[in-house]
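J.: Please read through the structure below; I'll follow up with questions.
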């Protein structure tokens, strides 16, 4: 039996600059609560410090608040930018969250995506990937070593360092490494036996390297004595659906243009279409495969496409955004849970099979039931001399 696909969101978040940030953050919390009710499996929360749209500075603080409002959904840092933090302080906060959430926390890591963040902290962007590797190595040692950890680098020091709490999750909470197009993410994940968060899985470049990323990830894991599992591979992509494709396109006119402008002109990440005409941006995103704007069937086709290209993965994360107004957004998430999830989880198969079995054996089953009723009527008539009237066609003998 094939393992069911899991679903969740990747919440950077992306809120238009200038709106009330307090209300925007409250909507983010409300969304996680609603996804918990709808049966979504995971929510990954970003860390950013500039550019005005991605306004969660501490995923750990957000997760702590969301955990108090939810019951089942797992909550991850998506991602913690390792060069921005001392590794002992960061892993200590994650261990605390692991206890407070009773094991619902996940630890997504990356080098940091916004050059403006690194600039404000005086970090040379050329050093960020190396620092991420150094930090993750230290964090893994702190989580797994029985001996004190001492490490000296040019940007942090660990001297006889040890955790005063072991994680709630044994042996520790799940860890995943961010990946886009380069092999750096899957190489690091393989080295430490971690999962992979493919943030640009639906972009043209990210989609093209999915198969290569699995190969690199798997090979590096074997090299360092680990075994990786496709169930720990998460693919991320934008997706908004409505009952019809026409309605979905109409709804995204609310906010998709500011989202595209952000990626084209502010953070310069490869998620925006190359199409110069803003009026054609939504269709260009769909045509390139970078996003789904359409019906449940369109969403299912995208997931099937990703599954074929990757060879299989464990969880699809919808990139949360403000393309549409709040009610349309919630309706899209509910429609996905109602009509798309069952196709990839097998959750509706048995109900359909049971219905069809009853349909095929209808005459035999109903006939048997009616004959049983008739026998009771005849028995009653023999005992009392009174015959009960029977509505409907006579039973088959």
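J.: Cβ contacts < 8 Å: first residue within 21 Å of residue 169 (Cα to Cα) and outside the structural domain of residue 83 (by TED's automatic domain parsing), restricted to the stretch 126-148; second residue surrounded by fewer than 22 Cβ atoms within 10 Å (Cβ to Cβ) and modelled with pLDDT under 95, any location; separation 6+ or different chain. Result?
T.: Nothing qualifies.
J.: Scan 331, 301 and give me the residue that is part of a helix (DSSP H, G or I) and under 27 Å from residue 211 (Cβ atoms).
T.: One residue alone meets the criteria, 301.
J.: What pairs come out if I take residues in the stretch 256-267 that are assigned by TED's automatic domain parsing to the domain that holds residue 241 and surrounded by 17 or more Cβ atoms within 10 Å (Cβ to Cβ) and pair them with residues that are modelled with pLDDT of 95 or more and in a helix (DSSP H, G or I) whose C-beta lies under 7 Å away, six or more apart or interchain?
T.: Cβ pairs passing all conditions: 256/281; 256/282; 260/281.
J.: Across the stretch 149-162, which residue is nearest to residue 89 (Cα to Cα) among those that are touching a helix residue (DSSP H, G or I) at 6+ places or on another chain (Cβ under 9 Å) and free of Cβ contacts under 8 Å to residues at least 60 places away in the same chain?
T.: So the first thing to find is which residues in the stretch 149-162 are touching a helix residue (DSSP H, G or I) at 6+ places or on another chain (Cβ under 9 Å), and the list is 149, 151, 153-156, 158, 161-162.
Subsequent filtering for residues that are free of Cβ contacts under 8 Å to residues at least 60 places away in the same chain retains 149, 151, 153-154, 162.
On the way: 149: 14, 151: 15, 153: 16, 154: 17, 162: 11 Å.
The extreme case among them is 162.
J.: Could you please let me know if residue 208 is within 18 Å of residue 81 (Cβ to Cβ) and at pLDDT 95 or above? It would help to see each step written out before you state the result.
T.: On the way: within 18 Å of residue 81 (Cβ to Cβ): no; at pLDDT 95 or above: yes.
No.
J.: For residues in the stretch 227-263 being touching a helix residue (DSSP H, G or I) at 6+ places or on another chain (Cβ under 7 Å) and in a loop (DSSP other than H, G, I, E, B), which is farthest from residue 215 (Cα to Cα)?
T.: 242
J.: Quick check: is even one residue across the stretch 108-117 assigned to a helix (DSSP H, G or I), assigned by TED's automatic domain parsing to the domain that holds residue 29, over 19 Å from residue 142 (Cβ atoms) and touching a helix residue (DSSP H, G or I) at 6+ places or on another chain (Cβ under 9 Å)?
T.: yes
J.: Taking the stretch 127-159 on its own, how many of its residues are loosely packed, with under 14 Cβ neighbours inside 10 Å and either in a strand (DSSP E or B) or modelled with pLDDT of 95 or more (or both)?
T.: Selection size over the stretch 127-159: 10.
J.: Can you confirm whether the stretch 70-87 contains a residue that is more than 26 Å from residue 50 (Cα to Cα) and part of a strand (DSSP E or B)?
T.: The answer is yes; a qualifying residue exists.
J.: I've got another one for you. Condition first: within 21 Å of the chain's Cα centre (by Cα), more than 24 Å from residue 239 (Cβ to Cβ) and assigned to a helix (DSSP H, G or I). Now tell me which residues in the stretch 190-216 satisfy that.
T.: Correct list: 190 only.
J.: Within the stretch 63-87, count every residue that is surrounded by fewer than 21 Cβ atoms within 10 Å (Cβ to Cβ) and within 19 Å of residue 165 (Cβ to Cβ).
T.: Residues meeting the conditions: 4.
The values are calculated or read from the model by the stated rules, or taken from the named source; none is laboratory data. Just so it is clear, the model here is predicted, and its values are computed rather than measured. Using ideal geometry, Cβ is built from the backbone for each residue, glycine included, and neighbour counts are taken over all protein chains shown.
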